[in-house]
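Asks: After the structure tokens below, expect a handful of questions from me.
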Number of protein chains: 4
Amino acid sequence: MLLISCPDQRGIVNAVTGFLLQHHGNILYLDQHVDLEQNVFFMRIEWEVAGFSLKREEIPGAFRALAEQFSMNWRLHFSDVVQRIAVFVSKQSHCLFDVLGRFESGEWPVQIPLVISNHPDLGPLVRNFGIRFEYLPVSAETKAVQERRAVELLREQQVDLVVLARYMQILSPVLIDALPHRIINIHHSFLPAFVGAKPYHAAYARGVKIIGATGHYATADLDQGPIIAQDIIRVSHKDSVEELVRKGQDLEKIVLARAVWLHLQHKLLVHGNKTVIFD
Amino acid sequence: MLLISCPDQRGIVNAVTGFLLQHHGNILYLDQHVDLEQNVFFMRIEWEVAGFSLKREEIPGAFRALAEQFSMNWRLHFSDVVQRIAVFVSKQSHCLFDVLGRFESGEWPVQIPLVISNHPDLGPLVRNFGIRFEYLPVSAETKAVQERRAVELLREQQVDLVVLARYMQILSPVLIDALPHRIINIHHSFLPAFVGAKPYHAAYARGVKIIGATGHYATADLDQGPIIAQDIIRVSHKDSVEELVRKGQDLEKIVLARAVWLHLQHKLLVHGNKTVIFD
Amino acid sequence: MLLISCPDQRGIVNAVTGFLLQHHGNILYLDQHVDLEQNVFFMRIEWEVAGFSLKREEIPGAFRALAEQFSMNWRLHFSDVVQRIAVFVSKQSHCLFDVLGRFESGEWPVQIPLVISNHPDLGPLVRNFGIRFEYLPVSAETKAVQERRAVELLREQQVDLVVLARYMQILSPVLIDALPHRIINIHHSFLPAFVGAKPYHAAYARGVKIIGATGHYATADLDQGPIIAQDIIRVSHKDSVEELVRKGQDLEKIVLARAVWLHLQHKLLVHGNKTVIFD
Amino acid sequence: MLLISCPDQRGIVNAVTGFLLQHHGNILYLDQHVDLEQNVFFMRIEWEVAGFSLKREEIPGAFRALAEQFSMNWRLHFSDVVQRIAVFVSKQSHCLFDVLGRFESGEWPVQIPLVISNHPDLGPLVRNFGIRFEYLPVSAETKAVQERRAVELLREQQVDLVVLARYMQILSPVLIDALPHRIINIHHSFLPAFVGAKPYHAAYARGVKIIGATGHYATADLDQGPIIAQDIIRVSHKDSVEELVRKGQDLEKIVLARAVWLHLQHKLLVHGNKTVIFD
């Protein structure tokens, strides 16, 4: 499939569909969006590989001229490529467990070669699934060293996507810049409400009637990255902070999984600090 | 804008966008869907009239050849045409009032030349808004006559869309067939649960924890028409039937309005007994 | 019914139910909540007036001793008392229209003797319903004078509750203090996200996937008052600011109505900056 | 805590709180509901064991007289008793995995001594958690024998609650009657819509815009038992049956967990075919 963004002008859809037609491509899905305010065109187009007259490796060369004509940012993905995920965790297991369940059952056709944690607690659980667990404790002094070590491990394992499954450390640019728009975090509030630490305590103090969770790409600014998915659950005056945490955990794992799944299917494009989601 | 459905084959998007390009049409929105099971292609394409080289009345003739080549069902709409709505009511006013509010505030750019009712109760309210109110009482004997009278009135007033705003009569084919897929009903349950009369009583008896409302096209089969919009609200053992009715009324008016708004924007296509919604 | 809050201790429920029993009161609803963190007890108890051995005016005197024993804050309400609402509006009509609909249909058993606005636009609509419309234009110079005028009008009309139906002025303490916890505002965001002006623009800029509305008591701090009701609706990258505004209007009117309805039924207690809701 | 239901009459709350007061019980939560239609009184009352002047085993004897006076159905539970859960599964692992995660993380303070399945597939996963897995294949001939075997195992393991985690067999009265209102099933539709097999296929065929899941007590009538929890998720014409199944799995596990958690906390009462939920 192709993911394209470029300045909007007449003829883009016609040109791209013409390219596919010329090589006998049968379109399965075509999603298109124009940001009328910024005059930017976005498209995701998926076609059948069977019957297509170009080999996989020939497509980029053949498409280049058209891409340059329209000044496209573009990416080519094949849906049968198995992506490799690394999960970062701290002590809480609910998001990790949910990710492992989707992997085990085959719901997500991925490989999980690596789990990294700043605490040793979840090591036995992870290793029980036959997955490598790296304990990288982080202090003010060791942070830079450990993040570089993490980047090495991610490269070594050819990781495509990092999932921060309630990893309670702020990532520095060392890690962020190593995987641009390939690190997904779950924040346990309805962003932009309750940025930063202890959002459930803040929600309790404010007396809100709904709490939320937000799946977003991690960027250098804490909790400010492009939002991919959000959802909410109702709460009441009866709910203590502990009850908010408990209700929130179910949200966190479901919203994180939705964000990861959209990424795995290549159904989103980032533009500025926002996402275009073709769902 | 064009709404198209046809058997799926290679080249449809390319052909339609080529047609627009040839006449200097700038695409604003393109939504496309392929029903892979039934092999049917659906598309809604909206372009700027400004700059388009064909006059409105010339478009059908120019498009015909292409439409025939792909065996298309197609409809052409212009977004600046003011549509004319007739509302059918009985005694309950909440949906009618909501529709009138959207009309009065200009939220819906429509005309409402006519309200028809089988009860006289809401006449003063309607006339207070300067809208014609026709009282057409219905009994087993008079039903056929009154429905023919209603069809006459709808034709006379050049009504594009009929909104059944909690009209408590089952329409016969006389009316249904006069406006195919142009009559929208609100059913006060989450279809297909609780078809027919008294769904709130049935929901209470079953002890459900959520109730719903469904906006759908009226067809000859009661509550079986293509579903356009649905939504739900939580209820509990504390809610009496009266409380379900009260909570449900808010749902009914919102869901009915969503269904009508999708229709007014020509953002839906009916295929078989289902809707394709380009939202 | 009685609404009670007091320091928690053993025996409160027993004492209050004993008082009712002694006077042959049949309890219909009893809702109780203990804030374990602050050790505060809250109760709402509703009983049948029929058969109760005390006359309405005798109840306060008879209850006083018990109330003092437990240091209670308490309020006595009778559900058959018709409450009087004043609505404040600016130019937008959707919330006002929704309130009027609930009044007209009898859904809310209230009187609406007065609508106040800083713009003349909605005068004809309001007067068409036989309701007094007061145009009180507000500038930096006239604000204090006009708010005192408003307070006078509210007193004159014996208004129990003020509903700010998208009134686009910040109230000063003159008004706020005149009706403590009897002014309900609708804020067009999911508080505490997007406090202040233009929340839909801010939501669009941040790229959120859900927008919300919040019904709360107005206090001296803008958008910081006790939250009564909140709800949300999903949005996507396709939604322009105008579309967020349109979707948000449906939320605003429904959430405002829920908050007002809870207040009218005396189903909420304010403690600190939070609400206890007995729903 | 005490769970009580009885014919409604004056003085029940006063009598029960008087009983607790007499023995120095400090009430933590009191939830009460009167079904005005059927004139039935329901109450859940939770108090601190610390300071209570009766020993656990003395409470039933001391309470009996009062219970008989009001013809109460009543149950006494202690929140520190660890309940024992058995899980029934077939081939799908998502609900089982979710239950195991809540057990492993300590979110649910329970023991899981036993998993029973009519397929061997999930055996290795279960045993990996150190839990006994019993493979009881079921055919028309062996059903009665295997269910009696299951009942034996449940008794042997002193199981308090059976969780049907997408167990694809209809239970016969042998099992149902052995654990009245102690078997919780998850049905993958919004009951009463789409009773029986293949609800996602039926939802797809009907073209609904929302799908749901229902957690309920299993009874002799398939999918007719008292509903404990329900939730929904939006779907569209784009969703194939496979996509409905995928979206539905997240719902199923969350709704099942909510129903089980309510049961584990003794926060529900069954009356007729409905539940009273004190949440």
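The values are calculated or read from the model by the stated rules, or taken from the named source; none is laboratory data. All values reported here derive from a predicted model rather than from experimental measurement. Virtual Cβ from ideal backbone geometry, glycine too; neighbours counted across all protein chains shown. Surface accessibility is based on the protein's heavy atoms, side chains included, excluding ligands, DNA and RNA. Shrake-Rupley method; radii C 1.70, N 1.55, O 1.52, S 1.80 Å.
Asks: Add +1 for every Lys or Arg and -1 for every Asp or Glu among the other residues with Cβ under 10 Å from the Cβ of C:N273, and state the total.
Replies: Within the 10 Å Cβ shell, the charges total +1.
Asks: Let's see if you can work this out: charge +1 on each Lys and Arg Cβ, -1 on each Asp and Glu Cβ, no other charges. What is the dipole magnitude of the protein assembly as shown about its Cα centre, in debye to the nearest 20?
Replies: Taking the Cα centre of the protein assembly as shown as origin, the dipole is about 0 debye.
Asks: Over 31 Å, how big is the tail of the calculated P(r) for chain B, in percent of all Cα pairs?
Replies: 35
Asks: In addition: Once you have the alpha carbon radius of gyration of the protein assembly as shown, what is it after dividing by 2.2 N^0.38 Å, with N set to its residue count?
Replies: 0.98
Asks: Tally up the carbon and sulfur contribution to the accessible surface of chain A as a whole percent, 1.4 Å probe, everything protein left in place.
Replies: Carbon-and-sulfur percentage of accessible area, whole number: 51.
Asks: With just the Cα atoms defining each centre, how far is segment C:16-88 from segment A:1-32? Give it in Å.
Replies: What the calculation gives is 69 Å, centre to centre.
Asks: Further question: How big is the dipole moment of segment B:221-279 about its Cα centre under a simple scheme where the beta carbon of each Lys and Arg is +1, that of each Asp and Glu is -1, and everything else is neutral? Debye, nearest 20, please.
Replies: Magnitude of the dipole: close to 200 debye.
Asks: In debye, nearest 20: dipole of segment B:101-242 around its Cα centre with unit charges on the Cβ of K, R (+) and D, E (-)?
Replies: I would put it at about 320 debye.
Asks: While we're on this one: Once you put a point 7 Å from the Cα of C:D121 and another 7 Å from the Cα of D:R148, both along the Cβ direction, what distance in nm separates them?
Replies: 7.9
Asks: Taking 0.36 nm per residue of separation and subtracting the Cα-Cα distance, what length does fully extending B:N273 through B:F78 add?
Replies: Length gained between B:N273 and B:F78: 67.6 nm.
Asks: Right, here's the next one. For segment C:46-110, take N as its residue count and report Rg(C-alpha) divided by 2.2 N^0.38 Å.
Replies: 1.69
Asks: For segment C:52-101, list whatever residues lose no less than 10 Å² of accessible surface once every protein chain is in place, relative to that chain by itself, with the probe at 1.4 Å.
Replies: Buried by 10 Å² or more upon assembly, which counts only protein chains, are C:S93, C:F97, C:D98, C:G101.
Asks: Can you list which of the trypsin sites (Lys or Arg not before Pro) found in segment A:48-88 are DSSP loop residues with at most 11 other C-beta atoms within 10 Å?
Replies: A:K55
Asks: Of B:K253/C:K253; B:K247/D:K247; A:K198/C:K267, which ones are farther than 19 Å apart at the Cα?
Replies: Violating the 19 Å limit, Cα to Cα: B:K247/D:K247; A:K198/C:K267.
Asks: Taking each full run of DSSP H in chain A as one helix, which ones are at least 20 Å long along their axis (Cα atoms) and have mean Kyte-Doolittle hydropathy of at least -0.5?
Replies: Those that clear 20 Å and a mean of -0.5 are A:241-264.
Asks: Summing +1 for each Lys or Arg and -1 for each Asp or Glu, what net charge is found among the other residues whose Cβ lies under 15 Å from the Cβ of A:G11?
Replies: Here the count lands on -2.
Asks: If only Cα atoms are counted, what is the Rg of segment C:93-216, and what is its Dmax, in Å?
Replies: In Å, with Rg to one decimal and Dmax whole: 15.7, 47.
Asks: For all pairs of alpha-carbon atoms in segment D:2-76, what percent lies in each bin of width 10 Å, listed from the first bin to the last filled one?
Replies: Going out from 0 Å in 10 Å bins, segment D:2-76 shows 18, 56, 22, 3 percent.
Asks: Ok, one more. So with the 1.4 Å probe, I'd like the accessible area per residue for the protein assembly as shown, rounded to whole Å².
Replies: On the way: 43450 Å² over 1116 residues.
It amounts to 39 Å² per residue over the protein assembly as shown.
Asks: Need one number: nm distance between label points at D:K238 and C:E156, each 7 Å from Cα along Cα→Cβ, rounded to one decimal.
Replies: 5.7
Asks: Now for a separate question. Out of the GluC sites (Glu not before Pro) in segment C:1-58, which ones are loop residues according to DSSP with at most 13 other C-beta atoms within 10 Å?
Replies: Within segment C:1-58, the qualifying GluC sites (Glu not before Pro) (loop, at most 13 other Cβ atoms within 10 Å) are C:E37, C:E48.
Asks: Along its three principal axes, how long is segment B:172-279 when you only count alpha carbons? Whole Å, largest extent first please.
Replies: Sorted largest first, the three principal extents are 42, 30, 19 Å.
Asks: Net charge near A:G123: determine it from the other residues with C-beta under 14 Å of the C-beta of A:G123, scoring Lys and Arg +1 and Asp and Glu -1.
Replies: Residues close to A:G123 contribute a combined charge of 0.
Asks: Next question. Hand me the GluC sites (Glu not before Pro) from segment A:62-126 located in a DSSP loop with no more than 11 other Cβ atoms within 10 Å, in residue order please. Mind dumping the intermediate values first?
Replies: On the way: sites: A:E68, A:E104, A:E107; in loops: A:E107.
Passing sites in segment A:62-126 do not exist.
Asks: Tell me, what is the percent relative contact order of chain D, built from C-alpha pairs under 8 Å that lie six or more residues apart? If you can, show how the numbers build up before the last one.
Replies: Working: 467 pairs, mean separation 39.5, N = 279.
With pairs under 8 Å counted, the relative contact order is 14 percent.
Asks: Mind checking Rg over Rh on segment C:5-142, alpha carbons, Kirkwood formula for Rh?
Replies: Here Rg/Rh amounts to 1.15.
Asks: What 222 nm value per residue comes from the helices of chain B, counting each DSSP H run with n ≥ 4 as -39,500 (n - 2.57) and dividing by all residues, nearest 500 deg cm²/dmol?
Replies: -10000 deg cm²/dmol
Asks: Averaging sequence separations of C-alpha pairs under 8 Å and six or more residues apart, then dividing by the length of segment C:2-76, give the relative contact order as a whole percent.
Replies: On the way: 101 pairs, mean separation 33.8, N = 75.
So the answer I get is 45 percent.
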